Each structure stands twice: as structure tokens, then as C-alpha cells.
Amino acid sequence: EKGGYDYFMLKEIAEQPKAVADTLLGRIDVSGALTLDEVRIPVAELREVDKVVIVACGTAFHAGLIAKYAIEHWTRIPCEVELASEFRYRDPILGARSLVIAISQSGETMDTLMALRHAREQGSKVLAICNTNGSTIPRESDAVLYTHAGPEVAVASTKAFLTQLVACYLVALYLGQVRGTQWGDEIRAVVRDLARISGEVERVLETMEPVRELARSLAGKDTVLFLGRHVGYPVALEGALKLKELAYMHAEGFAAGELKHGPIALIEEDLPVVVVVPSPRGRSVLHDKIVSNIQEIRARGARTIVIAEEGDEEVVPYADHLVRIPVTPTLLQPLVATVPLQVFACELATARGNEVDQPRNLAKSVTVE
Ligand code: F6R
């Protein structure tokens, strides 16, 4: 049941801190090492992996796009991410040393299932990241890492997405751990940060009233654009997908670096543009680039909605609306940056009178092509 919330989606958004914590539970030991014995692929085989290919659809695909940054950074193994519906009809180059990761909340998505069969036929090992115990995708995979989001009822995926991210980080860090990369210290630090992240998600949820107010004020708009860089780019794609499916608005996510290659032509007076800003610490080049992107679109009239870390003062002069998120390591930022976008889409949909849990034309699990 909805537990006092008007919609399942609101309940599931609120459940995210617990979903994240549950997905981490028992998978990190007291020394900060990852214990993923449940992934029944022998460590010797994981050490030999020379390529990771992630297949998924929709929101799960966005989790995969974020995973690529983490996997390549922490393991130095090349990683590709592909829509399952494209992958299954190509001749992908795979072998016995390729690890294919199939991400699916329901475990029943037809295209993802067909993609994993396609991969296994070519001798690759398949690891499923799945939220539904005993569903078809994990049954047909070599190994499974379950997300522990609990049942997700609303059609639009929220808590499953955050737990898919957690599972992807665990896999990336585990691969890094078994292979012993140069990033040992960083991996240990990130594991500590992950253990704290559910509290940070909780803090974001506590500060969402201004986001709801903003969403209501934009209910009459036709278009919202989303920009991001690095892991903020898939977050932008996810924000746009949520808005399309729930608010039935034209919404698009772009890599901010692509602005000048076309999308900037869309900017006009008072067009809402949500910008996901990377942390000013660490890879600060990314931060500087996006600050100039915000200046550029604002100079052309955009109404900027800036999602930025606490303490990031540089963005303040260019933000028409500022949404603060807690300080996190760059690669983990999507866990906190996605939450305001979910709340934004849910509230905008409600303000437009849409049925939030059952958007038109959509089904919770797509078991046909
Ligand atoms: C969007 C959404 C869909 C699913 C996609 C994959 O909010 O829910 O895009 O993410 O249909 O579904 P699963 O993860 O069940 O394979």
C-alpha cells in the first residue's frame, strides 16, 4: 500500500535512503573490503576480463552509462554501454573474456533478455543486476547481484535506479579490488563514502520543497532542457526521461560540451534549462567548463535551474534557481543529483493533472518488443 502517500511514486522516492542502504548491506565488511561472494563468477575469471559490455533499456540504461565512468576509472577495463534493443540486432564483438552486465529492475524486459542470450551464445559471461528475485533475466544469467529496492510499483523507476547505481559501483569497485589497480586508496575511500551515502540521499529529500514549488510554477511550459557533463550527462538524460514519461513534456538531455554543436540554437527567452554541475573539487576543469556553459545559455535568455554542490559559490551569479546537493565524490554524485529531478518530474506531472503512477501508454515491464 501507499503508506500515507498520495502516489506510489512519492512513497518510492521517499524510500530511496533505505533502498540504497539495503543494497549495500552485507556487501562491505568491517575492514572496508567488498564481499561479493554471491557473484558466482570465480575471481580468477574476473581477473581475466578484458572488456565489459553493459546492456539495458530506459532508466536502467542510464545507470549503465554512469557505470561506465566508474568501471573504466577504477578498473581500467574498457567498458561499452548499449541499448539492449540495438545490441541484440548487431554482431557485437564478444568473447570468453568479455563480461556482459544486464541491468533490469523487472528482470523480464524482452530486449534485455534477448541481448543476454545473444551474449551467452558467444561464450561471454553474463552478470545480471536485477531487483526481482527469480525473474527470467537472473535465471538465465551466469551470476546475479540483486538490488534490494523492494517492490517498485510506480511505472516510472526511481528507487530501483538508485540501487542499480549502487550495484554498479559495487561491481566496479569489486573488479578493482580483485584486480588490484593503482586506485587502491581511492577505492577504500569511496567505499567509506558509499557507506554514508544513504544519509546524504535523506538530506536531499528533506530540502525538496523549493523544487516542488518551482515545478508547479513551470506547469505551463512546453519544453525543459537538461545539461550535464561526465556522470552528470546520464543524470541529465534521466531527468529528461522522467519528465517525458510523467509530465508528457518535450524534454531533452544533452552533454553540455555539445551545446555549441547544435542544441544552443534551441535556447530562447525564459526556456527552463536544468544544469547538473560537477563538484568544484577534484576534476575542477569540468566544473569551470560547465560554469561557462551556464553563462552562455543565460546570456541567451535561458531560465537556469542549477543543481550544485553545497559550498559551490561560483555558480550563484548565474543561477535563476539553485538546488543544493551534498558534497560527494565525483563518481557518486548521480546518487544525490538524480533525486531533485525525480521530485521535479513528479510534481510537474501532478500539477498538470497527470496520473503519476500510471503514465499514459506505458507499462511497468516491457515484455514485448
Ligand atoms: C523509466 C522506466 C523504464 C525502465 C525500462 C527498463 O522510468 O521505468 O525506462 O527503466 O523499461 O525496465 P527494466 O529495468 O525492468 O528492465
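Structure values in brief
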quantity: Some residue of the stretch 215-225 being buried (at least 20 other Cβ atoms within 10 Å of the Cβ) and over 15 Å from Ala349 (Cβ atoms); calculated: yes
quantity: Test set (1) touching a Pro at 6+ places or on another chain (Cβ under 8 Å); (2) at pLDDT below 95 - Ala265 fails condition number; calculated: (1)
quantity: Complete set of residues in the stretch 115-135 that are more than 14 Å from the ligand (Cβ to nearest atom), in a loop (DSSP other than H, G, I, E, B) and open to solvent by 20 Å² or more (accessible area, probe 1.4 Å); calculated: Gln122, Gly123, Gly134
quantity: So Val231, is it within 16 Å of the ligand (Cβ to nearest atom) and within 16 Å of Leu65 (Cα to Cα); calculated: no
quantity: Lone qualifier among Ile66, Ile103, Ile71 - being under 25 Å from Thr330 (Cβ atoms), open to solvent by less than 40 Å² (accessible area, probe 1.4 Å) and within 13 Å of the ligand (Cβ to nearest atom); calculated: Ile103
quantity: Candidates Leu362, Leu348, Leu331 - the one that is touching a His at 6+ places or on another chain (Cβ under 9 Å) and either open to solvent by 70 Å² or more (accessible area, probe 1.4 Å) or part of a helix (DSSP H, G or I) (or both); calculated: Leu331
quantity: Lone unmet requirement of (1) in a loop (DSSP other than H, G, I, E, B); (2) without any contact (Cβ under 8 Å) to a residue 40 or more places away in the chain; (3) open to solvent by less than 10 Å² (accessible area, probe 1.4 Å) for Gly301; calculated: (3)
quantity: Residue among Cys57, Cys79 that is under 22 Å from the mean Cα position of the chain (by Cα) and more than 16 Å from the ligand (Cβ to nearest atom); calculated: Cys79
quantity: Residues satisfying the stated conditions in the stretch 137-148, i.e. within 13 Å of Gln105 (Cβ to Cβ) and of a type in the set (S, T, N, Q); calculated: Thr147
quantity: Test: residue in the stretch 234-256 that is modelled with pLDDT under 95 and not in a helix (DSSP H, G or I); calculated: no
quantity: Hits in the stretch 304-321 - residues which are without any contact (Cβ under 8 Å) to a residue 60 or more places away in the chain and closer than 14 Å to Pro272 by Cβ; calculated: Thr304, Val306, Ile307, Ala319, Asp320
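Residues are listed down the side, and each one gets a yes or a no for (1) polar (S, T, N, Q); (2) in contact (Cβ under 8 Å) with a residue 12 or more places away in the chain; (3) under 24 Å from Leu341 (Cβ atoms); (4) assigned to a strand (DSSP E or B):
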residue: Phe61; (1), (2), (3), (4): no, yes, yes, no
residue: Gly64; (1), (2), (3), (4): no, yes, yes, no
residue: Leu113; (1), (2), (3), (4): no, yes, no, no
residue: His148; (1), (2), (3), (4): no, yes, yes, no
residue: Pro151; (1), (2), (3), (4): no, no, yes, no
residue: Ser157; (1), (2), (3), (4): yes, yes, yes, no
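The values are calculated or read from the model by the stated rules, or taken from the named source; none is laboratory data. This structure is a prediction, so every number in the text was calculated from the model and none was measured. All Cβ positions, even for glycine, are placed from backbone atoms using ideal geometry, and neighbour counts span all protein chains on display. These accessible areas exclude ligands, DNA and RNA; they are computed on the full protein's heavy atoms, side chains included. Shrake-Rupley method; radii C 1.70, N 1.55, O 1.52, S 1.80 Å.
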